[in-house]
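Here's the structure, in structure tokens; my notes come after.
The values are calculated or read from the model by the stated rules, or taken from the named source; none is laboratory data. Since the model is a prediction, treat every value here as computed from it, not as a measurement. We place every Cβ from the backbone using ideal geometry, glycine too, and count neighbours over all the protein chains shown.
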Amino acid sequence: MSKNVVTANSVGSVSLKRKKVSRSSEIWMRMRSKKSAMIGLIICSLLILVALSAGFLVDYQEDVVTPNIPERLQGPSMEHPFGTDSIGRDIMARMIYGARISLCVAFAAVIFQLIVGTLIGAVSGFYGGKVDDIIMRINDIFASIPNLLLAITIATALGHSIINMVIAIGVAGTPGLARLVRATVMSVKDQEFVEAGRALGGNDRQIIVAHLIPNCIPPMIVEGTLKIARVILSTTSLSFLGIGIKPPTPEWGNMLSGGREFLRVAPHITVIPGLAIVITILSINLMGDGLRDALDPKLKR
């Protein structure tokens, strides 16, 4: 009898693993079928690899922050593939470190939004009633303010630092994610598996964490991926306006701002960071669209 039970458990665990593997393989195959999504994935992977390898590729003190006046405003060359800026610093080296900062801020802000937005949306959608009304009205107040304006206000109040920028952009982008999680929770909270969890003695916290939040993961992954592009744009906008990351720390937004005065005599100072922002945001959006199609069960044939 015990052998039969062990065998049944083994078969069940193997079948569960096979389902997980087949599900992952199916998502990957559907992702691969979209060429635009794969192009976006490749570009994003290269950007992340470059950002992680920045310390090995260039010398921060010598190439990134130290002025070299005799070589100022040089165009692209073999020695400086992207040219130099107004005080002679290598633009390519600054772009590499700028990618690290922009991506770190983007990922940190999106993680902040995912954690806070998920908690707010899950609690609001699960309890409903007055709790939902109070939370959503506060959420609507923040949502009624444009994201960039709200981020500017918070960043100005907190001061100029990378951590404060993450908090400012994270708070500004949380209301939309909270509403998405709330809608997902409200669509599944009355289903049978939630009632089964209650019947087995699960409390509210266990039901929210073990049953409701896992059902929010697919839309959260897609929304989080697309939000990375928006956060990068917000980060560069704040730095361009002088509210975000300050020079000499390299960031694509403050590099754009620093090249405005030399747009006619040295357009590469502005054009190269601008192209990097466009390519990065486009690749992330392409990857996010492909991921959304791959995770959407309605598209399954």
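Of the residues making up the stretch 229-242, those that are of a type in the set (A, V, I, L, M), farther than 18 Å from Ala178 by Cβ and either touching a His at 6+ places or on another chain (Cβ under 7 Å) or at pLDDT 85 or above (or both) are Ala229, Ile232, Leu233, Leu238. Which of the residues belonging to the stretch 247-296 are surrounded by fewer than 18 Cβ atoms within 10 Å (Cβ to Cβ), over 30 Å from Asn215 (Cα atoms) and either within 17 Å of the chain's Cα centre (by Cα) or of a type in the set (Ser, Thr, Tyr) (or both)? Listed by number, the residues that qualify are Thr249, Val278, Ile279.
Checked against (1) hydrophobic (A, V, I, L, M, F, W, C); (2) part of a loop (DSSP other than H, G, I, E, B); (3) crowded, with 16+ Cβ neighbours inside 10 Å, Met78 passes all but a single condition, namely (3).
I'm trying to understand the selection: among the residues of the stretch 207-253, which are outside any helix (DSSP H, G or I) and acidic (Asp, Glu)?
Filtering the stretch 207-253 down to residues outside any helix (DSSP H, G or I) leaves 241-251.
Hit for the stretch 207-253 is Glu251, nothing else.
In the stretch 257-272, the residues that are without any contact (Cβ under 8 Å) to a residue 24 or more places away in the chain and at negative phi reach residues that are surrounded by fewer than 15 Cβ atoms within 10 Å (Cβ to Cβ) and of a type in the set (Lys, Arg) with C-beta atoms within less than 9 angstrom, at least six apart or across chains, in these pairs: Thr270/Arg260. In the stretch 206-242, the residue that is farthest from the chain's Cα centre (by Cα) out of those that are without any contact (Cβ under 8 Å) to a residue 24 or more places away in the chain and within 19 Å of Val166 (Cα to Cα) is Gly242. The residues on offer are Leu114, Leu119, Leu180, Leu148, and the sole one that is at negative phi, within 19 Å of the chain's Cα centre (by Cα), assigned to a helix (DSSP H, G or I) and free of Cβ contacts under 8 Å to residues at least 24 places away in the same chain is Leu119. Taken together, Phe126, Phe107 contain a single residue that is closer than 29 Å to Phe240 by Cβ and assigned to a helix (DSSP H, G or I), which is Phe107.
For the stretch 213-236, check the following and say yes or no: at least one residue is surrounded by 22 or more Cβ atoms within 10 Å (Cβ to Cβ) and touching an Asp or Glu at 6+ places or on another chain (Cβ under 9 Å). Yes: the stretch 213-236 contains one or more residues that are surrounded by 22 or more Cβ atoms within 10 Å (Cβ to Cβ) and touching an Asp or Glu at 6+ places or on another chain (Cβ under 9 Å).
Filtering the stretch 81-104 to residues that are in a helix (DSSP H, G or I) and over 14 Å from the mean Cα position of the chain (by Cα) leaves Ile91, Met92, Ala93, Arg94, Met95, Ile96, Tyr97, Gly98. From the set of residues in the stretch 146-163 that are buried (at least 16 other Cβ atoms within 10 Å of the Cβ) and of a type in the set (Gly, Ala, Ser), which is nearest to Gly244 (Cα to Cα)? Among residues in the stretch 146-163 that are buried (at least 16 other Cβ atoms within 10 Å of the Cβ) and of a type in the set (Gly, Ala, Ser), the one nearest to Gly244 (Cα to Cα) is Ala155.
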